[in-house]
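The values are calculated or read from the model by the stated rules, or taken from the named source; none is laboratory data. Nothing here was measured: the structure is a model prediction, and the numbers come from that model. Here the Cβ positions follow ideal geometry from the backbone for every residue, glycine too, while neighbour counts run over all protein chains shown.
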Amino acid sequence: MATLKIAIIGGGPAGLTLAKLLQKANIGCKVFERDAYRHAKNRGGSLDLHPESGQRALKEAGLLDEFKKLSRPEGETLRIYSPDGNVLMDESRGEPGRPGEFANRPEIDRTQLRDLLLDSLAPDTIDWNSRLLKIRAQGDSKLALLFTNGNEEGDFDLVVGADGAWSKVRSSVSETEPLYSGISGLDCRISDVDARFEELSAHVGQGMCLNLGSDKGLLCQRNGDGSVQLYAFARLPNEWFSTCGIDFTHPRARQEVVDALFPEYTALQKSLVLNSDPDTVGRQLYMLPVGFQWTHNPRITLIGDAAHLMNPFAGVGVNVAMEDALELAHAIIGEKVEEEQLSSLSVRLQKFEVGMWKRAKQNAEATVMYQNLFFHKRGGVAMVEHFAKRRQEDEQQN
Ligand SMILES: Cc1cc2nc3c(=O)[nH]c(=O)nc-3n(C[C@H](O)[C@H](O)[C@H](O)COP(=O)(O)OP(=O)(O)OC[C@H]3O[C@@H](n4cnc5c(N)ncnc54)[C@H](O)[C@@H]3O)c2cc1C
């Protein structure tokens, strides 16, 4: 097993967690990442790690204590407003909110999670500036990787695609492409919110703050670095993005998006977008079909968004990605394998993939359900009713 040559494509949460777990078991691997350097991407909101998946993977990687020092339990609260500024639900005031399963999910900034994993890896594990172009077979049992910078690396026994939504590795095992999920909008950030916008800071609170209208929302998340991550998203046809005439990278996109999508919101809610930093990003959210699978390949597999891209509305993407990494590490290490017939890596990979597809399908179904609650004709009222019903069901069961 120690002689296996393993390539991981993509240094996101899935790829880095896998690399760490393999190294901990003394199995070598190389991560090829398209970013030019560690901090090339500094965007992205706060992520909550769940005990049964993200936290479990960090525990096995020996990083749970470090995570606990960095994470913010106070970031777990949820507050929901209607577009007229009324509070529909506020967990930070001790009001009943989401059911018990949402407990113990502390938040960490995406960049902090990346640094935590990167700092734990052996030097030279990551090949930065290595964007995979394609995979080529080398004889019967080895694979070579071709990169857009002209480099080529060969003799790999296993290639793991952890290269996210638009995975290049996925195209080696499937022709399926992500589909538009029906949600588009503007990704913004309000930096240094406490010092600059006291009223907005109080409106958002310390956790997640959803301002939900009919089929639309201003979705805010407090980050550990004193900023607020904000998504101004709505249910929109695919062509809206290219035909609406808004340049989503221009500072005036903030006013144009507010005028086009959120005219009925209060002045305070609109100012969340209007006072955000000028470097906005337009986003269209894509997803792989629920239940996506591929024909098993003994030398190539996928994990994380590459295997099951889903929208962020159930807050599970990073957790499922890290659980994939954990289960794949088990399959490669072989420690969980007892039966004789599971001795070959290919059979263990197949077993891993079947388990991952099942988990991914359940999480993708939950994501679709939550997407329909975030973007509901009746706005936040539907989500508040959903949580009340879930609490009642929990009470009846206990
Ligand atoms: C707007 C938004 C908000 C989100 N919010 C949440 C949330 O609150 N909670 C949550 O759990 N999830 C959230 N998610 C989902 C979460 O970000 C993903 O599920 C998670 O990052 C998946 O991890 P990954 O490692 O599989 O992929 P990624 O994080 O996408 O990492 C893939 C890596 O591969 C690299 N790469 C890509 N192509 C190549 C290539 N050809 N060659 C080499 N490297 C390559 C990329 O640079 C990247 O570093 C959100 C997603 C979006 C879009």
Could you tell me whether any residue of the range 161-172 is assigned to a loop (DSSP other than H, G, I, E, B) and more than 30 Å from Ile126 (Cα to Cα)? no
Pairs under 6 Å by beta carbon, first residue in a strand (DSSP E or B) in the range 175-195, partner among the basic types (Lys, Arg) and more than 14 Å from the ligand (Cβ to nearest atom), six or more apart or different chains? Gly182/Arg235
Filtering the range 166-185 down to residues that are within 13 Å of the ligand (Cβ to nearest atom), of a type in the set (A, V, I, L, M, F, W, C) and surrounded by 17 or more Cβ atoms within 10 Å (Cβ to Cβ), which residue is nearest to Leu285 (Cα to Cα)? Ile183
Across the range 1-20, what is the total count of residues that are more than 14 Å from the ligand (Cβ to nearest atom) and either in contact with a Lys or Arg (Cβ under 8 Å, 6 or more places away or on another chain) or in contact (Cβ under 8 Å) with a residue 60 or more places away in the chain (or both)? 4
Going through the range 240-269 in order, the residues found to be of a type in the set (Ser, Thr, Tyr) and modelled with pLDDT under 95 are Ser242, Thr249
Any residue that is at pLDDT below 95, away from the ligand (no atom under 16 Å from the Cβ) and farther than 27 Å from Ser171 by Cα - is there at least one of those in the range 224-239? yes
Quick count over the range 21-59, residues being within 25 Å of Glu152 (Cβ to Cβ), buried (at least 18 other Cβ atoms within 10 Å of the Cβ) and in contact with a Lys or Arg (Cβ under 7 Å, 6 or more places away or on another chain), is 1
Looking for something within 12 Å of the ligand (Cβ to nearest atom) and either part of a strand (DSSP E or B) or touching a residue at least 40 places away in the same chain (Cβ under 8 Å) (or both) - is there at least one such residue anywhere in the range 94-107? yes
Taking only the range 252-279 into account, find how many residues are over 17 Å from Ile183 (Cα atoms) and of a type in the set (Val, Ile, Thr). 2
Can you say whether Leu342 is closer than 18 Å to Pro298 by Cβ and either among the β-branched types (Val, Ile, Thr) or modelled with pLDDT of 95 or more (or both), as far as the supplied structure shows? no
In contact with a strand residue (DSSP E or B) (Cβ under 9 Å, 6 or more places away or on another chain) and hydrophobic (A, V, I, L, M, F, W, C): does that describe Ala137? yes
Those residues that are in a strand (DSSP E or B) and away from the ligand (no atom under 15 Å from the Cβ), I need them from the range 140-159; list them, please. Lys142, Gly154, Asp155, Leu158
What are the pairs with Cβ atoms under 6 angstrom where one residue, in the range 50-68, is within 16 Å of Glu327 (Cα to Cα) and the other, located anywhere, is more than 16 Å from the ligand (Cβ to nearest atom) and not in a loop (DSSP other than H, G, I, E, B)? Sequence gap at least six, or different chains. Leu58/Leu64
Positions within the range 71-93 being free of Cβ contacts under 8 Å to residues at least 12 places away in the same chain and in a loop (DSSP other than H, G, I, E, B), in sequence order: Asn86
